[in-house]
Amino acid sequence: MRRLLILLAMAGLVGLLAVPALAGAGVQGNPQVGQVAPAFRLQDQNGHWRSPADYHGHWLVLYFYPKDFTPGCTTEVCTFRDEVVKLRQAGADVVGVSLDNIKSHAEFAAKYHVPFPLLADTNRHVAINYGVLTSAIGLHFAKRTTFLIDPNGKIAKIYRDVDPKDNAAQVLADLNTMKKATA
């Protein structure tokens, strides 16, 4: 038992040191408002390949979340699910991203009737490029962050450390405000 605890502690230290080392080396992305959103190609819960280019001409709500089936992530996915019709009426598509695999996303989407893609970033590249990869006690996950991307593929707003129950409403309100400002 003692050996197991020592191994877990060592793994935690390695995990805590790994991501800051990547960020310090300039590997971790840090996209800003006004910049073109980093490109990627990932599979969703149904095995379909998705890319930001697929949403060109539409607003895109790209939200990162830590882990399928956890309380906060379940709240967030269900809130976006419940607001998806309003978001689509406002001209936006919704896409979730975490480090979980396709099978986990498929089960999560089926259980909570998720009507939008959940992308599997199992190699962590997208989380790194968007500057949201983090770790704790040796486990890597995406920080809860949402990017509102405009129809031209540029980042219009970034929501960091969001409240899972309020995020969808915040995005919808901001989307409506931004659309009125450009009309």
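List of remarks:
- Looking across the stretch 53-73, the residues that are outside any strand (DSSP E or B) and under 14 Å from PHE116 (Cα atoms) come down to ASP54, TYR55.
- With a requirement of 3 or more residues that are within 19 Å of TYR55 (Cα to Cα) and touching a residue at least 60 places away in the same chain (Cβ under 8 Å), the strands (runs of 3 or more DSSP E) lying completely within the stretch 86-181 that satisfy it span 118-120, 145-149, 155-160.
- Within the option set VAL61, VAL36, being at pLDDT 95 or above and closer than 16 Å to ASN167 by Cα holds for one residue only, VAL61.
- Restricting the stretch 50-70 to residues that are under 10 Å from the mean Cα position of the chain (by Cα) and aromatic (Phe, Trp, Tyr) leaves a set whose member that is surrounded by the most Cβ atoms within 10 Å (Cβ to Cβ) is TYR65.
- Taking the criterion of being outside any loop (DSSP other than H, G, I, E, B) and not β-branched (Val, Ile, Thr), the residues of the stretch 30-52 that qualify are LEU42, GLN43, TRP49, ARG50, PRO52.
- Of the residues making up the stretch 91-105, those that are surrounded by fewer than 17 Cβ atoms within 10 Å (Cβ to Cβ) and more than 10 Å from GLN45 (Cα to Cα) number 1.
- Residue list for the stretch 45-60, restricted to those being touching a helix residue (DSSP H, G or I) at 6+ places or on another chain (Cβ under 7 Å) and among the acidic types (Asp, Glu): none
- Of all residues in the stretch 129-171, those satisfying the criterion of being buried (at least 20 other Cβ atoms within 10 Å of the Cβ), among the hydrophobic types (A, V, I, L, M, F, W, C) and at pLDDT 95 or above are VAL132, LEU133, PHE141, ALA142, PHE147, LEU148, ILE149, ILE155, ALA168, VAL171.
The values are calculated or read from the model by the stated rules, or taken from the named source; none is laboratory data. What you see is a predicted model; the values in this text were computed from it and never measured. Positions of Cβ are generated from backbone atoms using ideal geometry, with glycine treated the same way; all protein chains shown enter the neighbour counts.
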